[in-house]
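Encoded as structure tokens, the structure appears first; notes follow it.
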Amino acid sequence: MLIGSKMEVIDAKNRNLLGIAGKIVDETKNTITVETGKGIKKLIKSEITLKLGSSIMKGEHLRRRPEDIK
């Protein structure tokens, strides 16, 4: 589960999303919601690449419902 993790957008189809960083506060199959220093941002997983700790993950690989994680 990603909720509670700190993340940063390092690549995105929309270049305005680059550098968004904060704590993941909610997750659905297609989106993550991040609490940043400038407020809450909802990001579409399939359109971003994230840095989570020392790991880099393409958002499209995270497209699953949180409750489906075992």
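The values are calculated or read from the model by the stated rules, or taken from the named source; none is laboratory data. Just so we're clear, the structure is a prediction, and the values are computed from it rather than from any experiment. Here Cβ is always computed from backbone atoms with ideal geometry, including for glycine, and neighbour counts include all displayed protein chains.
Let's see how each residue does on (1) of a type in the set (S, T, N, Q); (2) touching a strand residue (DSSP E or B) at 6+ places or on another chain (Cβ under 7 Å):
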| residue | (1), (2) |
| --- | --- |
| 8 | no, yes |
| 22 | no, yes |
| 31 | yes, yes |
| 38 | no, no |
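Of all residues in the stretch 26-41, which are touching a residue at least 12 places away in the same chain (Cβ under 8 Å) and either surrounded by 14 or more Cβ atoms within 10 Å (Cβ to Cβ) or not hydrophobic (A, V, I, L, M, F, W, C) (or both)?
26, 27, 28, 29, 30, 31, 32, 34, 35, 36, 37, 41
Looking at the stretch 50-65 only, could you name the residues that are loosely packed, with under 14 Cβ neighbours inside 10 Å and either hydrophobic (A, V, I, L, M, F, W, C) or modelled with pLDDT under 80 (or both)?
Once the filter is applied, which keeps residues that are loosely packed, with under 14 Cβ neighbours inside 10 Å and either hydrophobic (A, V, I, L, M, F, W, C) or modelled with pLDDT under 80 (or both), the stretch 50-65 yields 56, 64, 65.
May I ask you to list the residues in the stretch 1-24 that are out of contact with any helix residue (DSSP H, G or I) (no Cβ under 7 Å at 6 or more places or on another chain), without any contact (Cβ under 8 Å) to a residue 40 or more places away in the chain and either outside any strand (DSSP E or B) or more than 15 Å from residue 45 (Cβ to Cβ) (or both)?
4, 15, 16, 17, 18, 19, 20, 21, 22, 23 - these are the residues of the stretch 1-24 that are out of contact with any helix residue (DSSP H, G or I) (no Cβ under 7 Å at 6 or more places or on another chain), without any contact (Cβ under 8 Å) to a residue 40 or more places away in the chain and either outside any strand (DSSP E or B) or more than 15 Å from residue 45 (Cβ to Cβ) (or both).
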